[in-house]
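Working notes for the structure below.
The values are calculated or read from the model by the stated rules, or taken from the named source; none is laboratory data. Not measured: the values here are computed from a predicted model. Note that we place each Cβ from the backbone using ideal geometry, even for glycine, and neighbour counts take in every protein chain shown. Keep in mind that these areas ignore ligands, DNA and RNA; they rest on the heavy atoms of the full protein, side chains included. Shrake-Rupley method; radii C 1.70, N 1.55, O 1.52, S 1.80 Å.
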Amino acid sequence: LSQLRDFLLVYNRMTELCFRHCVSNLNYRLLTGREESCLDSCAAKLVHANHRLMSAYVALMPSIMQRRASDYEASAAQASQSSAQAGLAAPAA
């Protein structure tokens, strides 16, 4: 459901951007040839950019997840070490 919502948000934003950029005259029921070709190229450009962005995201995602796992393990080890030191210091006090 979340993916569908995200897709619809992207689709709506793309539609709005291309419409504002390409459609200049609302006096006619049908699009002019110029408006139609502008909309086609605008949508194609945005879809292509989205594909490139997703490709980069997919390529980077494993290293991001590895870094997050390493950071989590380091913080868990640090918290464990801190609690162990606190446990040793408590009986002496």
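Entry remark, segment 47-67: residues being under 30 Å from residue 21 (Cβ atoms) and open to solvent by less than 60 Å² (accessible area, probe 1.4 Å) number 2 in total.
Taken over segment 2-18, the criterion of being under 19 Å from residue 38 (Cβ atoms) and open to solvent by less than 80 Å² (accessible area, probe 1.4 Å) is satisfied by 14, 15, 16, 17, 18.
Only one residue in 37, 24, 41, 70 is of a type in the set (Ser, Thr, Tyr), surrounded by 10 or more Cβ atoms within 10 Å (Cβ to Cβ) and not in a helix (DSSP H, G or I). Which one? Going through 37, 24, 41, 70 in turn, the sole match is 24.
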